[in-house]
Amino acid sequence: MTAVGKRAEPWQDRDVLMVCGTTLAGLALLVTAWFGAGGTASVVRQTAWLNLAVAGFALAAIGQCLWLLRARRAVGERRIALISLAPQKERADSYEDSYEGSYESSYEAKPLRRTSTRLVRAAGMVKLHRPDCPLLVGKDVVVAAPEAGELCGVCAP
């Protein structure tokens, strides 16, 4: 996923089917092993059922781990698409004349002293944003006074 908003959810239908299938198969193996071991008094036979139960648990755990890793990858791709360091450098050069602040770290919010750009804020947001900020996509915004707060770390260099 290289563009913002290309896919809204982190999982596809096949991922959900995979996690449900592996979890149900693992649960079926666990229940089968439980009933099988419950009907035997021999430790040797119970060990065989225990092996089946461990295999069922491993199957369910592997399916759920793959499901969570898929979501982690999708979140990482979304984060890279939203906050890219290369475009942020280009934006810093184009806004130098309209923003005065300290440039120690691009990840900290900078106090706003003077700007010639219109700043906006969405409901529930504390920081001020430029209208083209990726954090405002799909939100209703209102124009904010430059003295009303600090710039966010995404749209301000």
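What follows is calculated from the coordinates using simple rules that are stated; it is not laboratory data. These numbers come from a predicted model, not from an experiment. Note that we place each Cβ from the backbone using ideal geometry, even for glycine, and neighbour counts take in every protein chain shown.
Output wanted: per-residue J couplings in Hz (rounded whole) for region 13-29, from phi through Karplus 6.51 cos²θ - 1.76 cosθ + 1.60, θ = phi - 60°, x for Gly and Pro.
4, 5, 5, 5, 5, 5, 5, 5, x, 5, 5, 5, 5, x, 5, 4, 5
I'd like to compare 62-72, 20-30: which one has the highest average count of other Cβ atoms within 10 Å, and what's the full order after that?
20-30, 62-72
Report the far tail of the P(r) of region 13-82, meaning the percent of Cα-Cα pairs longer than 15 Å.
Of all Cα-Cα distances in region 13-82, 60 percent exceed 15 Å.
Please state the relative contact order of region 13-82 as a whole percent: Cα pairs under 8 Å, 6+ residues apart?
Relative CO of region 13-82 lands at 43 percent.
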